[in-house]
Amino acid sequence: MLFCAAALLSCSDADNGTKPTSGPPPPPPLPTVEGLAGIEDLNPDPTILEVNLVARANTVPLFPGDETRLLNYNDSLPGPLLHARVGDRIIVHFRNEMNESTVVHWHGLRISDKMDGSPMIQNPVLPGETFTYDFVVPDAGTYWYHTHLHQIQQFEYGLYGGIVVHEKEAPAFTAERIFVGDDMRINSANQIAPFLTSGPDIGRGRIGNTLLVNGKVISGEGGEPVTFTIPRGSVERWRFVLATNALSYDLQIRGAEARVIATDGGLLPQPFPLDRVEIAPGQRFEFEVRPLPDADEVALEALILVLDENDNVVEMPFELARGTVEGEIEEAPAPEYPVVELPSTKVDAVTHSWALSGGVVDNEVQFTINGKAAFVGDTHEHVLIETFEPNVPVKIRLSSNVSPAHPFHIHGQFFQIIARNGQPVFEPGLRDTVYVRGAETATILSYFENPGRWMVHCHISEHSEKGMMADIQVGPPDEEEHAH
């Protein structure tokens, strides 16, 4: 499951007049991915993406006539797209121009724990300071990056961006698009509303009153979906990242033949037709989309539970993106996907249990994993809850008995969701985040292929920042690593 970049052959001119040895041909250009701002590549080597990334205060015209004060990467919401090919090296020269410390986590990438952005391994980047992240991307797929310090505020203010890692030989599509969904709580002055103002904000996590896609407001007065044109006969690859704090919803596509082709960890062994899929904070899906022959438009919709005028909970569709069908091309052939084999789930494996719970301690809410919180008073410290041998299958039974749900994320590893409440489920593909609903158990299977010390936590900022995070160790510990 782990890959490494192929070494580049070097060539030099010989002195004896013989023809110099030629190196490997350069890789073909990466497919264009539409939807997010690009970023300047500082390195001429086609196998290295080298960029400058800056976190700083910014203002964004989310609403007509107003500037909303945010925190962004490179002054864009979301941050710029990092785009590479599996096996490429990515070098990010990061600078913190905010007035508080931060780190950057590369969500889903199975890289070295020293580059993962864990504040328990990496020293936080202080205001005015820099840090260079340097890693090779081992797996093709859709990923994202975000702050992992002071996360309740920094994440809500917009410190996140997208990552696309293409396959060595990427399937051919007419076009590719990425959509990043978010929600923000906006006050009457069109600014980010105050934090932790109510019990529900802590109990279920902060949910916004404004939906966004790719930094564009799509709900409420004046909101409208992301728009584009799509020719009849085309077949496109749509990637979706859910960057909300606590809001989950279902996705569906109107006006097209659509299939689910990938999850958090890349392509599926077998695509399946899309009816609707549930997506939780931190998760990703990829879709193959072909407009119906008689469709005038193709729309990506979120199905969200809301209160109607009678205070009844109802499901309402929100149009996130709309493609107007214009023109016609010769019908694109079905994409040829590479052969994908997932680790077997028909194995003997020891089952570990992680109880996701919480309560009130000294008049303060704490969330816990197996009864332990990740902090004592104001001092955060990660509790090491498990040590695993690499490449040995392990089942983990996650149970939730507090709050509506926990989108639970494991850094640096992939796993498969194999059961809920003890019953097998159809949730194919590799994941790094599992949605554990309230009063539910979810069983996952992982081979823990990536050695190191890794964070595990609920992806709802209020839950993780108030204790529902810990560490696991895969393989022997690195003596140089230290917790802060």
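Brief remarks on what is shown
- Flag for PHE228 being farther than 20 Å from GLY282 by Cα, surrounded by fewer than 17 Cβ atoms within 10 Å (Cβ to Cβ) and at pLDDT 95 or above: yes
- Candidates GLY158, GLY141, GLY117 - the one that is small (Gly, Ala, Ser), open to solvent by less than 10 Å² (accessible area, probe 1.4 Å) and in contact with a His (Cβ under 7 Å, 6 or more places away or on another chain): GLY117
- Tally of residues being in contact with a helix residue (DSSP H, G or I) (Cβ under 7 Å, 6 or more places away or on another chain) and closer than 20 Å to GLN283 by Cβ across segment 123-146: 1
- Which numbered condition TYR73 fails, given (1) touching a Pro at 6+ places or on another chain (Cβ under 9 Å); (2) within 30 Å of PRO477 (Cα to Cα); (3) aromatic (Phe, Trp, Tyr): (2)
- Criterion applied to THR244, THR227, THR210 was being in contact (Cβ under 8 Å) with a residue 12 or more places away in the chain and within 12 Å of LEU300 (Cα to Cα), and the one residue passing it is THR227.
- Selection from segment 166-202 of residues that are of a type in the set (Gly, Ala, Ser) and either over 23 Å from LEU247 (Cα atoms) or open to solvent by 40 Å² or more (accessible area, probe 1.4 Å) (or both): ALA170, ALA172, ALA175, SER188, ALA189, SER198, GLY199
- Residue within segment 162-180 that is under 25 Å from LEU430 (Cα atoms), in contact with a strand residue (DSSP E or B) (Cβ under 6 Å, 6 or more places away or on another chain) and acidic (Asp, Glu) present: yes
- Some residue of segment 66-73 being at pLDDT 95 or above, in a strand (DSSP E or B), among the acidic types (Asp, Glu) and surrounded by 13 or more Cβ atoms within 10 Å (Cβ to Cβ): no
Here is a yes/no grid of residues against (1) at pLDDT below 95; (2) on the phi < 0 side of the Ramachandran plot; (3) part of a strand (DSSP E or B); (4) in contact with a helix residue (DSSP H, G or I) (Cβ under 7 Å, 6 or more places away or on another chain):
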site: GLY429; (1), (2), (3), (4): no, no, no, no
site: VAL436; (1), (2), (3), (4): no, yes, yes, no
site: ALA442; (1), (2), (3), (4): no, yes, yes, no
site: HIS484; (1), (2), (3), (4): yes, yes, no, no
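- Residues within segment 340-356 that are in a loop (DSSP other than H, G, I, E, B), in contact (Cβ under 8 Å) with a residue 12 or more places away in the chain and open to solvent by 80 Å² or more (accessible area, probe 1.4 Å), tallied: 2
- Screening ALA55 on (1) among the small types (Gly, Ala, Ser); (2) open to solvent by 40 Å² or more (accessible area, probe 1.4 Å); (3) at pLDDT 95 or above shows it passes everything except condition (2).
- Of all residues in segment 57-93 being within 21 Å of the chain's Cα centre (by Cα) and free of Cβ contacts under 8 Å to residues at least 60 places away in the same chain, the one that is nearest to ALA189 (Cα to Cα): ASP75
- The single condition among (1) crowded, with 21+ Cβ neighbours inside 10 Å; (2) free of Cβ contacts under 8 Å to residues at least 60 places away in the same chain; (3) among the basic types (Lys, Arg) that ARG239 does not satisfy is (2).
Conditions tested, residue by residue: (1) crowded, with 23+ Cβ neighbours inside 10 Å; (2) within 24 Å of the chain's Cα centre (by Cα); (3) not aromatic (Phe, Trp, Tyr).
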site	(1), (2), (3)
ASP250	no, yes, yes
VAL260	no, yes, yes
GLY265	yes, yes, yes
PRO269	no, yes, yes
PHE285	no, yes, no
ASP296	no, no, yes
LEU303	no, yes, yes
ASP308	no, no, yes
ASP311	no, no, yes
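- Breaking point among (1) modelled with pLDDT under 95; (2) within 18 Å of the chain's Cα centre (by Cα); (3) outside any loop (DSSP other than H, G, I, E, B), for PRO200: (2)
- Options VAL392, VAL425, VAL383: the member that is at pLDDT 95 or above, on the phi < 0 side of the Ramachandran plot and touching a strand residue (DSSP E or B) at 6+ places or on another chain (Cβ under 8 Å): VAL425
- Any hit, segment 361-377, residues being of a type outside the set (Asp, Glu), at pLDDT 95 or above and in contact with an Asp or Glu (Cβ under 7 Å, 6 or more places away or on another chain): no
- Residue within segment 316-338 that is under 30 Å from VAL392 (Cα atoms) and in contact with a strand residue (DSSP E or B) (Cβ under 8 Å, 6 or more places away or on another chain) present: yes
- The residues on offer are LEU149, LEU62, LEU109, and the sole one that is at pLDDT below 95, surrounded by 19 or more Cβ atoms within 10 Å (Cβ to Cβ) and in a loop (DSSP other than H, G, I, E, B) is LEU149.
- Answer from LEU2, LEU49, LEU42 - the residue that is under 23 Å from the mean Cα position of the chain (by Cα), of a type in the set (A, V, I, L, M) and modelled with pLDDT of 95 or more: LEU49
- Wholly enclosed strands (runs of 3 or more DSSP E) of segment 260-324 bearing at least 3 residues in contact (Cβ under 8 Å) with a residue 60 or more places away in the chain and closer than 25 Å to THR229 by Cβ: 284-291, 297-307
- Contact annotation: residue pairs with Cβ atoms under 7 Å, 6 or more positions apart or on different chains, pairing a residue in segment 33-50 that is among the polar types (S, T, N, Q) with a partner that is open to solvent by 70 Å² or more (accessible area, probe 1.4 Å), are THR47/LEU8; THR47/ARG89.
The values are calculated or read from the model by the stated rules, or taken from the named source; none is laboratory data. The structure presented is a predicted model; accordingly, all values stated were derived computationally and were not measured. Quick reminder, even Gly has a Cβ in these numbers, built from the backbone with ideal geometry, and neighbours come from all protein chains shown. Accessible surface is based on the protein model in full, side chains and every heavy atom, while ligands, DNA and RNA are left aside. Shrake-Rupley method; radii C 1.70, N 1.55, O 1.52, S 1.80 Å.
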